[in-house]
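Written below as structure tokens is the structure these notes are about.
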Amino acid sequence: MGLFSDVLLTADFDRTLTAPDSTIPQRNLEAIRYFMENGGAFTVNTGRSVPMTKAFRDIVPVNAPLLLYNGSAAYDLAKGELCFCHEIPLDMWETLGKVQRMFPDLTVEIQGLDAHYRLVESHPAWDAFSDHNQCARGFARPGDDVGPFLKFSLYGEIRDVTVASLFDGSPEEIARMDEAERLLNETFGDHCAVFRAATRIIDVHAKGVSKARSARELQKQLGRKILVCAGDAENDLMMLSDADYAFVPADAILAGRFPEVCKCADGAVADVIYKKIPEILEKLG
């Protein structure tokens with residue numbers, strides 16, 4: 001038994017495990033290795049899809065299935081397969097067609113297991129964004145098989161290739177995305193959860209699915225007594241609220257609402273591992 005054998009630690013990726021510029025502080029990577037070497041179970045708990053894990057799957061050490069699509073699925077990297085998933089209980093192409101008609105000015109993306117798919121034949125900015133983030137991409141027509149209906153997203157204007165750039169927006173853009181979020185909730189709220197992953201990104205997945213639910217589901221599978229979670233934004237709120245212990249970077253959107261560690265660029269996850277979890281274990285005796 002190692003020091004951290006009772007603990008499952010799940011951490012959001014963007015602006016929790018990463019710095020605002022999307023780089024991963026070396027201090028975090030060193031701390032995660034130390035945590036796992038001493039019996040801890042660690043994984044990333046993110047809104048990202050299987051294709052978008054390519055950007056970090058060979059960099060970030062994990063020893064538990066990845067929690068992806070905002071909790072809609074758990075993916076075992078070693079086996080290359082889903083451990084569990086929760087699909088949107090609606091017809092995929094009927095739903096996406098309706099969304100496109102409702103929001104012709106926004107980019108609709110369906111997130112599959114093998115790639116992300118645009119629903120228009122040409123979108124150079126989206127293509128460049130996908131390529132920069134090492135995400136396999138394609139064009140899908142109604143009726144194409146793109147895998148289970150786990151998640152789709154709406155993007156505002158894509159002006160830059162970085163995920164970080166989508167956290168900014170003009171007052172007009174913010175108002176437009178606010179309105180889109182409201183309309184999506186009114187239209188699909190009986191079956192879907194709708195939320196802002198970033199200022200100019202809206203994510204949609206099955207109702208009842210959350211990072212919290214997937215973390216608890218994984219905790220049960222692994223038989224860990226303590227669930228510790230780290231996150232930064234509104235889509236982490238349920239996960240943080242449900243965790244046994246929760247922490248946010250000092251520069252997080254949710255700063256002040258949960259116990260804080262250092263800024264994400266300084267190694268927030270490392271602070272959780274080196275400082276906070278030992279304090280928890282000492283307190284529990």
Worksheet entry | Extension gain from residue 122 to residue 265, taking 0.36 nm per residue of separation minus the Cα-Cα distance | 47.9 nm
Response to the item:
Taking 116, 86 and counting other beta carbon atoms within 10 angstrom, the fewest-first order is 86, 116
Discussion item. Applying a 10 Å radius around every beta-carbon, put 198-209, 151-162 in order of their mean neighbour count, most first.
Written reply: 198-209, 151-162
Discussion item. Tell me the relative contact order for the chain as a rounded percent, counting alpha carbon contacts under 8 Å between residues six or more apart.
Written reply: 23
Worksheet item: Going by how many other beta carbons lie within 10 Å of each one, how would you line up 102, 177, 239, 1, fewest first?
Response: 1, 102, 177, 239
Worksheet item: Suppose R0 equals 51 Å; then what is the FRET efficiency for residue 172 and residue 3 from their Cβ-Cβ distance, rounded to the nearest 0.05?
Response: 0.50
Practice prompt. Compute the Cα gyration tensor for region 92-206, then decide on rounded, prolate or oblate, letting a ≥ b ≥ c be the square roots of its eigenvalues: rounded whenever a/c is under 1.5, prolate when a/b is larger than b/c in the other cases, and oblate in all that remain.
Written response: oblate
Practice prompt. Return a whole-number percent for the relative contact order of region 92-206, with Cα pairs under 8 Å and 6 or more residues apart as the contact set.
Written response: 25
Discussion item. Need one word for the chain: rounded, prolate or oblate. Basis is the Cα gyration tensor (sqrt eigenvalues a ≥ b ≥ c); a/c below 1.5 gives rounded, then a/b vs b/c decides.
Written reply: prolate
Discussion item. Test of understanding: ordering 14, 76 by Cβ neighbours within 10 Å, fewest first, what list do you get?
Written reply: 76, 14
Discussion item. What FRET efficiency comes out for residue 57 versus residue 221 if R0 is 22 angstrom and r is the Cβ-Cβ distance? Round to the nearest 0.05.
Written reply: 0.60
Response to the item:
Among 232, 12, 244, the residue with the largest mean-square fluctuation in a Gaussian network model of the chain built from Cα contacts under 10 Å is 244
Worksheet item: So for the chain: antiparallel DSSP bridges make up what percent, rounded to the nearest 5?
Response: 55
Fill in: Approximate spin-label separation residue 161-residue 21, in nm, with each point projected 7 Å along Cα-to-Cβ
1.6
Worksheet entry | Förster-model FRET efficiency, 22 Å R0, residue 78 and residue 34, C-beta, rounded to 0.05 | 0.60
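Values in this text are rule-based calculations from the coordinates and carry no lab data. The model shown is predicted, which means the values in this text are computed figures rather than measured ones. Because the Cβ atoms are built from the backbone with ideal geometry, glycine has one as well, and the counts that use them run over all protein chains shown.
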